[in-house]
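**Q** Below is a structure I'd like to ask you about.
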Amino acid sequence: MQSILNDIKNDDKRSFKKEDNNYIFKTEVNYPNNRSLVNQKIIIDKNLKPKSIKVYNDNNIAMMTMKFTKIDYNPTFKKDYFTLANSVETSKTDDYSLTVGELEDSIYPLNLPNGTKLVSEEKVSLDNGERVIMTFDGEKPFLLVEETVSKNDSMVIIPTNGEPYMLQDSLGVLANNSLNWSSGGVEYYLVSDVLNQDELVDVAQSINVIPTMK
């Protein structure tokens, strides 16, 4: 709720109207890793509780929607809920459905920059799985690496270089010339000296978890 209030407060050009016992605000948004998102509509009910948020691109098309059905304003937690030891034990007992092994089929992006195509594909066997290295060449070359995820018995801190970026079903890390994320038991690493951040995201978003033909 605090971030919503900050968006409203910080936008001097915000608009406001009352409609059907709701308060509707329109404000600008600032997503450094996705410049196509430009504004949002925030709907708050008559009791000043958020109902929904829609984020629009520069064509006024809703790209993200969040609906609030129930909010616990007075949550209670056990005394050790936020301790590191308890978090580690909880992660160990969580259901882990990812299977470690070979990548039965490579997973190809459906959206390629014009004049760019797959020119080579190499598979490398690892101790706990397999790595696939795909090289795309042409007007806008890039490299795509896919690797099976390995399960760790303890919490692991992985250093990253970039900013968090929300993909379709996963949180990735977006840097100036690379994007990496995990989905469906596969780790992906996309890198290019030519593609900009928006183009990296377009390629990544087009990678389907269902194997596709070249």
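The values are calculated or read from the model by the stated rules, or taken from the named source; none is laboratory data. It should be emphasised that the depicted structure is a prediction, and the values quoted were computed from it without experimental measurement. Here the Cβ is made from the backbone with ideal geometry for all residues, glycine too, and neighbour counts use every protein chain on show.
**Q** Which of the residues spanning the stretch 3-27 are exposed (fewer than 10 other Cβ atoms within 10 Å of the Cβ), under 16 Å from residue 47 (Cα atoms) and without any contact (Cβ under 8 Å) to a residue 12 or more places away in the chain?
**A** Within the stretch 3-27, 17, 18, 19, 20 meet the criteria.
**Q** While we're on this one: Please work out if residue 133 is surrounded by 14 or more Cβ atoms within 10 Å (Cβ to Cβ), modelled with pLDDT under 85 and closer than 13 Å to residue 108 by Cα.
**A** So residue 133 does not fit the description; no.
**Q** Of the conditions (1) over 30 Å from residue 11 (Cα atoms); (2) modelled with pLDDT under 90, residue 117 clears all except one; give me its number.
**A** Checking residue 117 against (1) over 30 Å from residue 11 (Cα atoms); (2) modelled with pLDDT under 90, the one that fails is (2).
**Q** I'm trying to understand the selection: among the residues of the stretch 136-155, which are modelled with pLDDT under 90 and not hydroxyl-bearing (Ser, Thr, Tyr)?
**A** 149, 151, 152, 153, 155
**Q** Just to be sure, is residue 65 modelled with pLDDT of 70 or more and either surrounded by fewer than 14 Cβ atoms within 10 Å (Cβ to Cβ) or not in a loop (DSSP other than H, G, I, E, B) (or both)?
**A** Yes; evaluated as a whole, the condition is true for this residue.
**Q** Also: Just one of 200, 179 is crowded, with 17+ Cβ neighbours inside 10 Å and either assigned to a strand (DSSP E or B) or at pLDDT below 85 (or both); which is it?
**A** 179
**Q** Could you tell me whether residue 103 is at pLDDT below 70, in a loop (DSSP other than H, G, I, E, B), under 23 Å from the mean Cα position of the chain (by Cα) and surrounded by 11 or more Cβ atoms within 10 Å (Cβ to Cβ)?
**A** Yes.
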